[in-house]
Amino acid sequence: MKIMKFGGTSVGSPERMKSVSQLIASSGEPVFVVLSAMSGTTNSLVEICNYLYKKNPEGAADIINRLEQTYDHHVEELYSTDEYKEKTRLFLKEAFRFLRSFTHDLFTSFEEKNIVAQGEILSTNLVVNYMQENGMNATLLPALDFMRTDKNSEPDINAIRNHLSEVMSKNEGYQIYITQGFICRNTYGEVDNLLRGGSDYTASIIGAAINAEEIQIWTDIDGMHNNDPRVVEHTEPVRQLHFDEAAELAYFGAKILHPTCIRPAKFANIPVRLKYTMEPDSPGTIINNERVKGKIKAIAAKDNITAVKVKSSRMLLAAGFLRKVFEIFESYQTPIDMVTTSEVGVSMSVDNAAHLNEIVDELKKYGTVTVDTDMCTICIVGDLEWNNIGFETLATNAMRDIPVRMIAYGGSNYNISFLIRGEDKKKALKNLSDTLFWHIRDNERNKREKTSDSDAEQMSQRRTTRD
């Protein structure tokens with residue numbers, strides 16, 4: 001069985017829902033489908049919660065009313081029979097009655113998660129009803145019946161596997177199983193979620209739990225590109241990535257894939273394929289455990305980075321200095337992206353500046369602190385082991401006209417990273433593309449020419465032998 005995940009834009013309108021439904025059914029084989037909320041719905045639900053936190057139930061009720069009107073219009077566009085129009089309207093009436101039940105003075109984070117979960121519940125019910133109206137052999141398996149997290153808010157794979165097996169055994173004989181992405185129950189049985197982008201994570205977790213043949217992430221672009229197509233022209237889809245390469249690209253800015261999606265699939269050795277909803281026959285990008293030696297695959301950029309440097313003459317030979325510095329970031333739950341050190345200081349980059357002032361105040365105990373904001377991390381990904389001579393030279397040569405704040409190389413076999421000013425991002429991405437991918441194309445052309453020359457020589461030898 002294959003897993004198929006569709007994001008909010010793929011089910012963002014009745015027309016898109018119809019197209020996705022036909023695409024799913026056309027496979028002709030059993031599939032497990034994970035759907036996100038319709039694009040825009042989660043934002044509306046979060047806005048409702050904001051009004052309720054501010055003790056403004058009237059503002060929340062206004063958003064609920066507008067959202068309900070939107071879904072009422074969807075019913076008319078989506079269904080053709082009175083039976084399914086009425087069935088869906090009854091479902092929507094109950095769903096929005098449930099949302100209105102939260103418009104009171106005492107509002108908690110538990111209730112917020114209940115509200116935000118309704119986006120996926122709405123989209124999956126609309127799609128399943130459409131499929132059933134059109135004779136597709138589909139059923140809904142609510143994620144809250146089997147998706148579980150443990151006391152550390154991590155997916156409880158064993159519990160998920162057991163609950164899912166039980167649910168599927170009670171629903172045998174269907175071609176299409178639909179469920180919600182993002183939402184789950186925690187170890188106490190309360191409604192919870194896998195955070196934003198969690199639909200990718202859901203698909204990967206389910207794929208690992210049922211040992212799926214393949215996990216397909218359907219998006220609005222034809223695979224992961226070798227550079228940011230919004231910034232650089234003539235980018236190309238990368239046809240194959242190692243799991244670690246894909247994880248690096250996702251973490252450092254490639255928006256097509258959520259970074260957490262990689263882990264369950266990688267450990268279960270289940271390939272993940274990125275597919276394009278507008279061109280279903282396109283091969284997309286396959287992500288697996290296969291490693292292609294000596295090849296640069298792609299470039300990604302991560303914006304809104306802050307660089308923090310701590311300079312201290314006391315650092316020299318001072319045991320525990322780095323530990324003390326890192327513990328400050330840890331105490332404010334601020335992960336560090338890049339680290340470079342010298343005899344008298346350490347530089348770090350972070351993508352979360354929420355507690356930057358407090359962190360800087362504490363770091364001043366250990367040295368002089370310098371902060372650079374509005375920075376950008378450029379990440380080059382591929383088989384970049386140190387014995388692949390010349391790759392780091394190509395990368396640094398492409399950056400020769402751009403001020404570089406930090407360079408990280410050697411922490412991973414798959415990544416060289418540069419920290420630069422945000423204003424230099426476009427120039428850096430273009431320069432790297434021109435240098436790195438021209439070099440790759442030139443090498444491939446030389447290989448083809450050598451192969452062609454070799455074939456011609458062999459043909460000439462055969463003619464001479466024959467003559």
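Points worth noting:
- Long-range neighbours under 9 Å by Cβ, at least six apart or interchain, first residue at positive phi within segment 289-313, second surrounded by 18 or more Cβ atoms within 10 Å (Cβ to Cβ) and among the small types (Gly, Ala, Ser): GLY294/GLY382
- Scope segment 335-358; condition part of a loop (DSSP other than H, G, I, E, B) and of a type in the set (Ser, Thr, Tyr); matching residues: SER342
- For segment 44-58, the tally of residues that are modelled with pLDDT of 95 or more and either closer than 13 Å to LEU126 by Cα or touching a Phe, Trp or Tyr at 6+ places or on another chain (Cβ under 6 Å) (or both) stands at 0.
- Among the residues of segment 210-243, those identified as among the hydrophobic types (A, V, I, L, M, F, W, C), modelled with pLDDT of 90 or more and open to solvent by 20 Å² or more (accessible area, probe 1.4 Å) are ILE210, VAL231.
- Residue check for PHE98: in contact with a helix residue (DSSP H, G or I) (Cβ under 9 Å, 6 or more places away or on another chain), in a helix (DSSP H, G or I) and at pLDDT 95 or above: yes
- Residue count for segment 92-131, restricted to those that are of a type in the set (Phe, Trp, Tyr), surrounded by 17 or more Cβ atoms within 10 Å (Cβ to Cβ) and under 20 Å from GLY40 (Cα atoms): 1
- Odd one out for ALA428 among (1) modelled with pLDDT of 90 or more; (2) within 18 Å of ASP351 (Cβ to Cβ); (3) open to solvent by 70 Å² or more (accessible area, probe 1.4 Å): (3)
- Answer from ALA301, ALA250, ALA246, ALA307 - the residue that is touching a Gly at 6+ places or on another chain (Cβ under 8 Å), open to solvent by less than 30 Å² (accessible area, probe 1.4 Å), of a type in the set (Gly, Ala, Ser) and not in a loop (DSSP other than H, G, I, E, B): ALA301
- Top-ranked residue in segment 6-29 [being touching a Phe, Trp or Tyr at 6+ places or on another chain (Cβ under 8 Å) and at pLDDT below 95; ranked as farthest from ALA117 (Cα to Cα)]: SER10
Yes/no matrix, rows are residues, columns are (1) on the phi < 0 side of the Ramachandran plot; (2) touching a residue at least 60 places away in the same chain (Cβ under 8 Å); (3) touching a helix residue (DSSP H, G or I) at 6+ places or on another chain (Cβ under 6 Å); (4) crowded, with 18+ Cβ neighbours inside 10 Å:
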{"position": "SER10", "(1), (2), (3), (4)": "yes, yes, yes, yes"}
{"position": "LEU35", "(1), (2), (3), (4)": "yes, yes, yes, yes"}
{"position": "SER39", "(1), (2), (3), (4)": "yes, no, no, no"}
{"position": "LYS55", "(1), (2), (3), (4)": "no, no, no, no"}
{"position": "GLU58", "(1), (2), (3), (4)": "yes, no, no, no"}
{"position": "LEU67", "(1), (2), (3), (4)": "yes, no, yes, yes"}
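One line per residue, one yes/no per condition, for (1) free of Cβ contacts under 8 Å to residues at least 40 places away in the same chain; (2) touching a Leu at 6+ places or on another chain (Cβ under 9 Å); (3) not in a loop (DSSP other than H, G, I, E, B):
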{"residue": "THR373", "(1), (2), (3)": "no, yes, yes"}
{"residue": "LEU384", "(1), (2), (3)": "no, no, no"}
{"residue": "LEU394", "(1), (2), (3)": "no, yes, yes"}
{"residue": "ASP401", "(1), (2), (3)": "yes, no, no"}
{"residue": "ARG405", "(1), (2), (3)": "no, yes, yes"}
{"residue": "SER412", "(1), (2), (3)": "no, yes, no"}
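- The residues of segment 175-209 that are of a type in the set (Phe, Trp, Tyr) and either buried (at least 16 other Cβ atoms within 10 Å of the Cβ) or closer than 15 Å to THR260 by Cβ (or both), listed by number, are TYR177, PHE182, TYR201.
- Scanning segment 188-204 turns up one or more residues that are hydrophobic (A, V, I, L, M, F, W, C) and part of a helix (DSSP H, G or I).
- If only residues of segment 253-276 that are within 20 Å of THR9 (Cβ to Cβ) and out of contact with any helix residue (DSSP H, G or I) (no Cβ under 7 Å at 6 or more places or on another chain) are counted, the one that is most open to solvent (accessible area, probe 1.4 Å) is LYS255.
- Residue list for segment 345-387, restricted to those being more than 25 Å from ILE402 (Cβ to Cβ), among the hydrophobic types (A, V, I, L, M, F, W, C) and either touching a Ser or Thr at 6+ places or on another chain (Cβ under 6 Å) or open to solvent by less than 10 Å² (accessible area, probe 1.4 Å) (or both): ILE359, LEU363
The values are calculated or read from the model by the stated rules, or taken from the named source; none is laboratory data. Computed from a prediction, not measured in an experiment: that's the story for all the values here. Using ideal geometry, Cβ is built from the backbone for each residue, glycine included, and neighbour counts are taken over all protein chains shown. Accessible surface is based on the protein model in full, side chains and every heavy atom, while ligands, DNA and RNA are left aside. Shrake-Rupley method; radii C 1.70, N 1.55, O 1.52, S 1.80 Å.
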